[in-house]
């Protein structure tokens, strides 16, 4: 009989211990869950931040590439205009007289009907087919483009009697509060290509 009591007491003690362990295990499980959720959030947030930075960098690169293409298009339009002027017996700088740094710069576009627009650089529009210009009914883009002609090595206006000028093309845009620009400059001469 003594043995039975002992076993019974032992069983009660064991039951009490088991109940306390369950209580402690429940509390520990909640803490474990909170720690696991925190670790999981950190593990997920890190790659999301990296992906966000990568996407921002890709968008900035895309805009810089578009700006470079817009500057190159303007340069090609200027060169073609000079070739056309020379082939028609006109002054090689015909149409460029207002495109100086002291006046408001010009813009040259292969798409616009009037090749040289003088006035404050307005945002270029982008057509539904993806072409940038000042003409048309497209939506406003983030880019503005302008150019001017100077005497090489100076910041003074290039004279129509000169045989060489430097053309400076600037494409500007903003990404949020940050301004960006692409500047292209090249020498042009009084000779056909």
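FYI, it's all coordinate maths here, none of it is from the lab. Predicted, not measured: the structure shown is a model, and the values here were computed from it. In this analysis, Cβ positions are derived from the backbone assuming ideal geometry, glycine residues included, and neighbour counts consider all displayed protein chains.
Taken along its three principal axes, the alpha carbon spread of segment 59-189 comes to 43, 29, 22 Å, from the longest extent down to the shortest. Footprinting exposure proxy ranking of 183, 111, 126, fewest other C-beta atoms within 10 angstrom first, gives 183, 111, 126. Computed from label points 7 Å out along Cα-Cβ, the spacing between residue 102 and residue 79 is 3.0 nm.
Could you compute how fast segment 30-102 diffuses translationally, taking Rh as the Kirkwood radius over C-alpha pairs and applying Stokes-Einstein at 4 °C with viscosity 1.567 mPa s? Give it in µm² per second. Once the numbers are plugged in, D ends up at 74 µm²/s. Computing FRET efficiency as 1/(1 + (r/R0)^6) for residue 36 and residue 142, where r is the C-beta to C-beta distance and R0 is 45 Å, gives about 0.55.
Each of 107, 63 was scored by other Cβ atoms within 10 Å of its Cβ. Listed from fewest to most, they are 63, 107.
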